[in-house]
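Engineer: Here's a structure for you.
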Amino acid sequence: MNSAREALARLQEGNRRFAAAADTSNPFNVPTRQPHLTKRQDPTAIILGCSDARVPAEIIFDQGLGDLFVIRVAGNIVSPSQVGSVEFAAERFGTRLVVVLGHSECGAILATIEALQQPASRSRNLLSIVDRVRPSVEDLLGTELAQDHDALVRHAVRLNIRASADHLRHGSQVLEQLIRDDGLLVVGAEYSLETGEVDFFDGMPEG
């Protein structure tokens, strides 16, 4: 494990390479785009994703600077600050696609299952995440899935994504109006850590 100083040095060196565009094969190092981006941004999509270090939206969707407006939080949960961030981007930039991006083996799902099956003392801040994931897990624990941990996690991940997407669709007057009048689309998707593929499974338009 890197020490904090080693990690900081790594970030500083990476930023020096980025600023100098030393690695021109990296899509993020495109100096000709930087002057344009200092004045405005025009993101193609708003991504509400999990903070998991293995799921960086810009990389898994092969996008570059300015292409995505990314909001990341453990468990891709929806709280007022996340709703406000989505509202801001949708209104300010006219972005008309919102993707709630969860992933397989989500740590927030695992932590919630552990908290429900083996209650223990946890920080108030961690519990605020667990409490938002809880509804997607709690009902499943009363089914036969409780006997199959892997299946339980898979189903809970998807239920949690659906719950967050539904919250965005129905928990904000701003977003509801944009959906109704301006073509805003909120979809749910799951990234597979095993295959690298994203399955868009919730709220997809027909045809």
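The values are calculated or read from the model by the stated rules, or taken from the named source; none is laboratory data. Predicted, not measured: the structure shown is a model, and the values here were computed from it. Counting neighbours? That spans all protein chains shown, and the Cβs are built from the backbone with ideal geometry, glycine included.
Residue by residue, here is whether (1) in contact with a strand residue (DSSP E or B) (Cβ under 8 Å, 6 or more places away or on another chain); (2) surrounded by 11 or more Cβ atoms within 10 Å (Cβ to Cβ); (3) modelled with pLDDT of 70 or more holds:
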residue: Ala9; (1), (2), (3): no, yes, yes
residue: Ala20; (1), (2), (3): no, no, yes
residue: Thr24; (1), (2), (3): no, no, no
residue: Pro31; (1), (2), (3): no, yes, no
residue: Leu37; (1), (2), (3): no, yes, yes
residue: Asp42; (1), (2), (3): no, yes, yes
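Engineer: Within the stretch 63-79, which residues are of a type in the set (A, V, I, L, M) and assigned to a loop (DSSP other than H, G, I, E, B)?
Structural biologist: If the condition is that a residue be of a type in the set (A, V, I, L, M) and assigned to a loop (DSSP other than H, G, I, E, B), then Leu65, Val73, Ile77, Val78 are the ones that fit.
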